[in-house]
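K.L.:
Next up is a structure, given as structure tokens.
Coordinate-derived values only; no laboratory data. Only a predicted model underlies this, so the values are computations on that prediction, with no experimental measurement involved. FYI the Cβ positions are ideal-geometry reconstructions off the backbone, even for glycines, and counts take in every protein chain you see.
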Amino acid sequence: MKRGELYLVKKPSGGDPKRQRVFVVVSRQVLIESSFSTVMCAPIYTRHDGLSTQVRIGVEEGLKHESSIHCDELISLPKMMLTHFVGSLSPERIQELNRALRLALAVD
């Protein structure tokens, strides 16, 4: 598992009404490789609201539809739930993700 990878998660927690949703792993790599049981993820929705905390992605990343990563809705998920690999973000998209996360978390 690596930062920037997308996984389809069945029955995501946090009151998500969907039976399954794709998430992107946003935790730092050292945490992902540690014995810690969870990682931080951002959900992916087909809707894009034009916010600076959202990153557009699509077929190039392994999705069926144009979608966006919503960095304002981070969630901690157990690593064991991240088993259905969908795709990966390109280095350019990871740069966009980093910018959106900094804005969402008000980090300079």
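K.L.:
Quick one: which strands (runs of 3 or more DSSP E) lie wholly within segment 3-108 and hold at least 2 residues that are among the hydrophobic types (A, V, I, L, M, F, W, C) and in contact with a Phe, Trp or Tyr (Cβ under 8 Å, 6 or more places away or on another chain)?
P.N.:
On the way: elements: 5-10, 20-25, 38-45, 54-57, 67-70, 75-78, 84-88.
The strands (runs of 3 or more DSSP E) meeting that bar are 5-10, 20-25, 38-45, 75-78, 84-88.
K.L.:
May I pose another question? Would you confirm whether any residue within segment 33-45 is hydroxyl-bearing (Ser, Thr, Tyr), surrounded by 12 or more Cβ atoms within 10 Å (Cβ to Cβ) and in contact with a Cys (Cβ under 8 Å, 6 or more places away or on another chain)?
P.N.:
No: zero hits.
K.L.:
Tell me which residues, restricted to segment 62-73, are surrounded by fewer than 18 Cβ atoms within 10 Å (Cβ to Cβ) and in contact with a strand residue (DSSP E or B) (Cβ under 9 Å, 6 or more places away or on another chain).
P.N.:
Matches in segment 62-73: GLY62, LEU63, GLU66, ASP72, GLU73.
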